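One structure below.
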Amino acid sequence: MRVLIICLLALFSSVCMASDAKIVKVNIEKTPAQKFNISVTLEHSDEGWEHFANAWRIYSPEGELIGERVLHHPHVDEQPFTRTLLGLSIPAELSEVLVVAVCSKTGESKQSYKVKLH
């Protein structure tokens with residue numbers, strides 16, 4: 001029982017110390033084909049394969065997932081870093097979207113980055 005408690009405390013403390021990925025900047029460009037190219041700059045204290053910023057997501061203001069850019073590896077020595085999602089279809093009736101960063105340990109960040117569409 002004591003070993004189980006120690007293991008649970010170690011797991012809980014490592015999750016509590018894990019930080020959310022932070023969105024530093026977002027650039028959205030509308031293409032002639034009425035699609036969007038989205039570049040997101042993230043900052044996160046990536047530690048390696050067990051703990052890194054592993055995605056960012058685009059949501060409507062109502063919370064509907066519109067798109068996702070999966071990040072396939074840690075960026076330990078490249079902070080902050082920018083990655084792009086090309087040719088995303090965003091419903092024409094939306095005037096803004098929310099961008100949310102994702103961490104492999106903590107999941108989606110509690111804060112979102114609101115971006116107005118032109």
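Conditions tested, residue by residue: (1) in contact (Cβ under 8 Å) with a residue 24 or more places away in the chain; (2) touching a strand residue (DSSP E or B) at 6+ places or on another chain (Cβ under 7 Å).
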site: 62; (1), (2): no, no
site: 65; (1), (2): no, yes
site: 69; (1), (2): yes, yes
site: 74; (1), (2): yes, yes
site: 81; (1), (2): yes, yes
site: 84; (1), (2): yes, yes
site: 92; (1), (2): yes, no
site: 96; (1), (2): yes, yes
site: 99; (1), (2): yes, yes
Point to revise | Single match in 72, 118 (criterion: assigned to a loop (DSSP other than H, G, I, E, B), closer than 13 Å to residue 55 by Cβ and of a type outside the set (S, T, N, Q)) | key: 72
Check your understanding: Has segment 75-85 got at least one residue that is at pLDDT below 95, surrounded by 11 or more Cβ atoms within 10 Å (Cβ to Cβ), of a type in the set (A, V, I, L, M) and under 12 Å from residue 23 (Cβ atoms)?
Key -> no
**Study point:** Subset of segment 6-62 [among the acidic types (Asp, Glu), surrounded by 11 or more Cβ atoms within 10 Å (Cβ to Cβ) and either at pLDDT 95 or above or more than 19 Å from residue 102 (Cα to Cα) (or both)]
**Key:** 29
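The values are calculated or read from the model by the stated rules, or taken from the named source; none is laboratory data. Because the structure is a prediction, the values reported are computed rather than measured. Heads up, the Cβs are rebuilt from the backbone with ideal geometry, glycines too, and the neighbour counts pull from every protein chain shown.
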